[in-house]
Amino acid sequence: MSEEKRAFVEDSDMKIAGSAPRQQPDDGEVAAMEFQHQKQNGNIERAYRLGQRLSDRFFVIDEILVKYASPRLLGNPVIESNAQVLFAFIVDTILEHGCPDSIIAQTALNYFHEQVRERSPRTYDTIVESGAFSLYLLCSRDERMSRSCIGDAFADSCDMEDDPDVVRLGDQLYREYFDVCKEELGRAEFVR
């Protein structure tokens with residue numbers, strides 16, 4: 001091999017300092033950049049305010065129960081605690097499907113849970129420990145389920161599955177509180 005060719009081959013094997021291929025950011029870095037973007041455009045602050053408003057609305061359960069519950073069901077602590085679990089599920093669902101991205105949804109949801117825990121640790125524990133949450137999740141994911149799946153799950157979680165008034169109440173609570181949360185989500189005015 002000629003001297004000239006050898007110098008060319010040797011030079012082509014050399015690495016130039018700083019010319020290493022740029023590595024793609026890992027998932028954590030991408031999430032941090034997205035969080036900073038959402039913070040800068042004001043969406044993180046909007047998510048906190050939404051979480052606060054949803055927690056405020058969460059504790060006015062009596063207004064909704066009075067509107068739909070029969071007199072024999074009003075004041076029943078089992079109905080009330082299970083309604084709160086249902087409402088927490090609705091908050092989770094609205095945020096997961098209605099927020100511009102998962103960072104905003106998780107920020108609002110975490111703040112909602114934090115506020116509930118501060119105001120009523122007992123209610124928070126009830127929500128976290130309830131198996132009804134899973135039943136509601138199954139209802140929301142299975143399109144073949146009957147229209148009153150949520151009502152059935154609500155009645156089941158109250159141990160009143162044979163009571164059509166409780167099934168109906170569960171459906172009514174779901175529809176009413178879903179609309180409440182949807183309205184609050186609209187008020188958030190997230191930047192998309």
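The values are calculated or read from the model by the stated rules, or taken from the named source; none is laboratory data. All figures in this text were calculated on a predicted structure; none of them were measured in a lab. Positions of Cβ are generated from backbone atoms using ideal geometry, with glycine treated the same way; all protein chains shown enter the neighbour counts. In case anyone asks, the SASA skips ligands and DNA or RNA and just uses the protein heavy atoms, side chains included. Shrake-Rupley method; radii C 1.70, N 1.55, O 1.52, S 1.80 Å.
Numbers for the structure displayed
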| item | result |
| --- | --- |
| Heavy-atom SASA rank of 60, 128 (probe 1.4 Å, accessible area, largest first) | 128, 60 |
| For the chain, Cys with no neighbouring Cys Cβ under 4.7 Å | 99, 158, 181 |
| Alpha carbon convex hull of region 77-151, volume per residue in cubic angstrom | 88 |
| Size of region 111-185 as Cα extents on the principal axes (Å, biggest first) | 35, 29, 22 |
| Measure of compaction for the chain (Cα Rg per 2.2 N^0.38 Å) | 1.59 |
| Relative contact order, percent, the chain [alpha-carbon distance under 8 Å, six or more residues apart] | 27 |
| Using alpha-carbon coordinates, inclination of helix 3-13 to the longest axis of the chain, degrees | 10 |
| Heavy-atom accessible area order for 49, 192, largest first, 1.4 Å probe | 192, 49 |
| Rounded tilt (10° steps) of 132-141 against the dominant C-alpha axis of the chain | 70 |
| Per-residue SASA entry for residue 59, accessible area with 1.4 Å probe, Å² rounded to 10 | 50 |
| With at most 12 other Cβ atoms within 10 Å, longest stretch of the chain clear of loop GluC sites (Glu not before Pro) (DSSP) | 1-142 |
| For region 37-106, convex hull volume per residue from C-alpha positions, Å³ | 80 |
| Chain lengthening between residue 192 and residue 34 when straightened (0.36 nm per residue, less Cα-Cα) | 55.6 nm |
| Calculated [θ] (222 nm, deg cm²/dmol) that DSSP helices of n ≥ 4 give over the chain, each run adding -39,500 (n - 2.57) | -24000 deg cm²/dmol |
